[in-house]
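Asks: Quick one: structure below, then a few questions.
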Amino acid sequence: MKTITRFFRFIGGKNKERARNEGRFLEWVLNYAVIEPIGNMEAELIRLYPENPEQKKIEYIVEIVRRGGVIIYPTDTVYGLGCDIFNGKAVERVRQIKGEKGKNLNMSFICYDLSHLSEYTRSVSTPLFKLMKKTLPGPFTFLLTASSKVPKILNTSKKTVGIRVPDNTIPREIVKTLGNPILTTSIVDDDEVIEYSTDPELIYEKYRKVVDVVIDGGYGGNVASTVIDCTTDEFEVIREGKGDIFQYL
């Protein structure tokens, strides 16, 4: 596994011949090697480019997620922390990392598109669906009334769920390959001035002992998504963020 880490860091280097050789080794690892147990070693730092994320690396990350891995990844706003929504142990790890002991944790689902909507939310009105179609993918979180599935999935008493479709290929391709949404919550910085961590290498240094993968997708933003409460007939912005929802209303 350490060899894989060295490869991912080396791939951007100048020695192309060595990179090709290690690339063949990586291909063998991704196709045949057994992935070591989750949560008992340092995280992998994996470089991906949002414009064209390598499918082999996406598949490798998804296999870790399927086995209960917790990952940190870029979005169209700030870096996120998440896991497979159907893995209870992974959800609990995310809760512990965030320090949220209670069941009413504020987390959302990252979806590839709106095809997951009917599975995790109650019926959505036609005007709301049209608004979501216009704004997503984009820097918005739509807070909706959750279906009966969600409390069981997250072991929570909350009756709402946030839906995110970020305008970033990396998390969306992870979700597409996984086949279901991933849980997401923002990476918050300890700095009193800078609210969110933006440098993936610094994020890696801070979280490498508690997560399984940190995806370096370049510097993140420092403004979170705009959160719109759509649980009533009147939409309400409950957190102003990167997106301006009023230009679509």
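The values are calculated or read from the model by the stated rules, or taken from the named source; none is laboratory data. Since the structure is predicted, the reported quantities are computational estimates derived from the model, not experimental observations. Reconstructed Cβ throughout: ideal geometry from the backbone, glycine too, with neighbour counts over all protein chains shown.
Asks: Kindly provide the set of residues from region 162-184 that are under 12 Å from L136 (Cα atoms) and of a type in the set (S, T, N, Q), ordered by number.
Replies: N168
Asks: Consider F129 carefully, then state whether it is out of contact with any Lys or Arg (no Cβ under 7 Å at 6 or more places or on another chain) and crowded, with 21+ Cβ neighbours inside 10 Å. Reasoning before the result, please.
Replies: Numbers: out of contact with any Lys or Arg (no Cβ under 7 Å at 6 or more places or on another chain): yes; crowded, with 21+ Cβ neighbours inside 10 Å: no.
Answer is no for this residue.
Asks: Could you give me the residue pairs with C-beta distances under 9 Å whose first residue belongs to region 55-80 and is within 15 Å of D199 (Cβ to Cβ), whose second residue is of a type in the set (F, W, Y) and assigned to a helix (DSSP H, G or I) wherever it lies, and which are 6+ apart or on separate chains?
Replies: Qualifying pairs under 9 Å: I72/Y204; I72/Y207.
Asks: Would you point out which residue out of N155, N168 is surrounded by 21 or more Cβ atoms within 10 Å (Cβ to Cβ) and either more than 22 Å from E51 (Cα to Cα) or within 12 Å of the chain's Cα centre (by Cα) (or both)?
Replies: Testing whether each residue is surrounded by 21 or more Cβ atoms within 10 Å (Cβ to Cβ) and either more than 22 Å from E51 (Cα to Cα) or within 12 Å of the chain's Cα centre (by Cα) (or both) leaves just N168.
Asks: If only one of P200, P171 is in contact with a Ser or Thr (Cβ under 7 Å, 6 or more places away or on another chain), under 17 Å from I46 (Cβ atoms) and not small (G, A, S), which one is it?
Replies: On the way: P200 fails: in contact with a Ser or Thr (Cβ under 7 Å, 6 or more places away or on another chain).
None of the others qualify; the one that does is P171.
Asks: Let me ask something else. Return yes or no: is L128 part of a helix (DSSP H, G or I), free of Cβ contacts under 8 Å to residues at least 24 places away in the same chain and of a type in the set (A, V, I, L, M)? Lay out the reasoning, then the answer.
Replies: Values: part of a helix (DSSP H, G or I): yes; free of Cβ contacts under 8 Å to residues at least 24 places away in the same chain: no; of a type in the set (A, V, I, L, M): yes.
So L128 fails the test.
Asks: Hey, could you check region 207-249 for residues that are within 21 Å of V70 (Cα to Cα) and among the basic types (K, R) and say which is surrounded by the most Cβ atoms within 10 Å (Cβ to Cβ)?
Replies: R208
Asks: Can you confirm whether region 186-196 contains a residue that is modelled with pLDDT of 95 or more and either in contact with a Gly (Cβ under 8 Å, 6 or more places away or on another chain) or of a type in the set (A, V, I, L, M, F, W, C) (or both)?
Replies: Initial filter on region 186-196 (modelled with pLDDT of 95 or more): none.
The answer is no; no qualifying residue exists.
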